[in-house]
Each structure stands twice: as structure tokens, then as C-alpha cells.
Amino acid sequence: MFKICTQDQAFLPRELKERFQKVQDMGFDGYEIDGALLLNNLDEVKEAIKETGLPVVSACGGYRGWIGDFIEERRLNGIEDIQKILEALQEIGGKGIVVPAAWGMFTFRLPPMQSPRSAEGDRKAILDSLKILDKKAGETNTVIFLEPLNRYQDHMINTLAAARSIIEEGKFQNVKLIADAYHMNIDEDNMFQSLIDNKDMVKHIHIAENHRFQPGSVRMSVKKLFKTLKDINYDGYVVYECRIRGENPEKEYQKSLEYLKSCE
């Protein structure tokens, strides 16, 4: 049985203890928190974990710049924030933080279609950032989950193989791969084979349908995905990162979770 977790959703209570309780009552095994929410409410998060027993397994987002940011000040701000988030995760027993090269900063698929920085410059920025974060992750017993995004959201890292090459070049010990089913549906030639090829580095999973709505809404090959994860002995978390389609979001989300569990 996989441990299935969720990020925040609009229908969940805003008060943290109530939110954690709701997530647990729905049947999720953990919560992936926004990094800024964690930093700004660390004591409340600790209390919510203590009261409910629901773990915060990871963080995603919540920092002021990307590790591959074009603007140096923002890149350095992002590095600073991610280090603080790793320290907070250590305090609550969290596993690591999801980090893409960038999101929404530039794509070759939309005008102007010419990046202001060379491919070599992109790679250097990412490697320089991860060198710092790899060290901090080692100090905090956490992990950087390097996330490939699809070609329409980022131009630097779009496949697991591309992310792997960064990790191997930098010889990073505490940077691993996150495989996101939504992005992989767009950019991997064969998402299942890519998981197999990178099984030693895939340590975190994000799940959504190919249109980014909740699993089960169009019947993505969840059973094949789960079978592949079992075949590669994946023992990490599977985290919902999706929008919700349907008139009753809470009901549809619950139905989706039940569907997902039936595919295991």
C-alpha cells in the first residue's frame, strides 16, 4: 500500500488544526505543505501534528525565487528561503522539499522564444544553487526533490533524464528526483519506462490526470503507474497536486482518493 498524501485544497478548513484533522479524516496519510506557510506558522504546524498525528511529509513552493532564476537577487532569495524551509522540516520530521528549476519564467513554446541566458548559463545557475542546497539538506537530514516541469512551464529541465544529469554532474548526495505524472504525460516518451530507468533516484511522486485535475476524472493509467512503482520498489509518498473537477469539490476529492486506493 502506498502512502497517499495531499497538498492544500480550497475546500479544506483554513485553521491549521482543523485542516490537518480533515485531511486525516478523509483517509490521507500525510500532508505536503507550502513552504512559506510552514515558516510563518511553525508552532501551529507542530501543534497540529501533535494533536492529529498527521505527518507533514514534504514542502512544495513558498520561496521567493527559483534555483535557476534569471535574476540573481531572486535566485539568492530562493536559496535562502529553501534553506530555512529545510531547517523547519527537520524540526517536524519532514522528508524534503520539491524544487523545480523555475516555473512560468520562460518557455521556448511562447514568444519571444529566445532565452535571455544561454543553456550553459542555465545549467551553471542550477548547479550553483544545488551545491548550496545539497549541503544544507545533508546538515538537516532532508532531501531536495528536483522536479522536471513540462516544456510549457519551464525551458531548463523537462524530463527525469535531464534532472538526473544535473544531479550526476554536481555529484549531489541529497538531491533526488520527483516524478510528476502530469508533467511526465507531456514530456516523457514513455513515463513508465522513465520511472524504471531512474528508479534509483525517484524518491517522491506527484499525481494528477493529464489535464491536471484529480485522479480518476479521466482514468489515467493509474493501475499501470502503481504497478510500475511496485516493480521498482518505490517506497516514498504519492502526493496529490491537482485541481478538482466537479460541482462538489470535497465529494469529488474523496471519490478520487477511494479510486486511487482501489488501484493499488
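Some notes on this structure:
- By accessible area, using a 1.4 Å probe on protein heavy atoms only, region 35-76 has 50% of its surface on carbon and sulfur.
- Normalised by the number of residues in the chain, the average gap of Cα pairs under 8 Å and 6 or more apart makes the relative contact order 16 percent.
- Where N is the number of residues in region 26-170, Cα Rg divided by 2.2 N^0.38 Å: 1.10
- Loop trypsin sites (Lys or Arg not before Pro), region 1-67 (other Cβ atoms within 10 Å of the site Cβ: 11 or fewer; DSSP): Arg14
- Taking the chain as a Gaussian network of alpha-carbon nodes connected by springs under 10 Å, the highest mean-square fluctuation of the residues Pro55, Pro148, Pro111 belongs to Pro111.
- Computed extension gain for Asn233 through Gln24, at 0.36 nm per residue and net of the alpha carbon distance, reaches 72.7 nm.
- Alpha-carbon Debye profile of region 186-239, log10 I(q)/I(0) at 0.15, 0.27, 0.31 Å⁻¹: -0.41, -1.27, -1.42
- In Å², nearest 10: area of Glu139 left accessible to a 1.4 Å probe: 100
- The chain - accessible surface per residue (Å², probe 1.4 Å): 46
- Ratio Rg/Rh, restricted to region 112-178 and using Cα atoms, in which Rh is the Kirkwood radius: 1.00
- Alpha-carbon Rg/Rh ratio, for the chain, with Rh computed the Kirkwood way: 0.95
- Expressed as a whole percent, the accessible area of region 108-236 that falls on carbon and sulfur atoms is 48 (1.4 Å probe).
The values are calculated or read from the model by the stated rules, or taken from the named source; none is laboratory data. Just so it is clear, the model here is predicted, and its values are computed rather than measured. Here the Cβ is made from the backbone with ideal geometry for all residues, glycine too, and neighbour counts use every protein chain on show. What goes into the accessible areas is simple: the full protein's heavy atoms, side chains included, and nothing from ligands, DNA or RNA. Shrake-Rupley method; radii C 1.70, N 1.55, O 1.52, S 1.80 Å.
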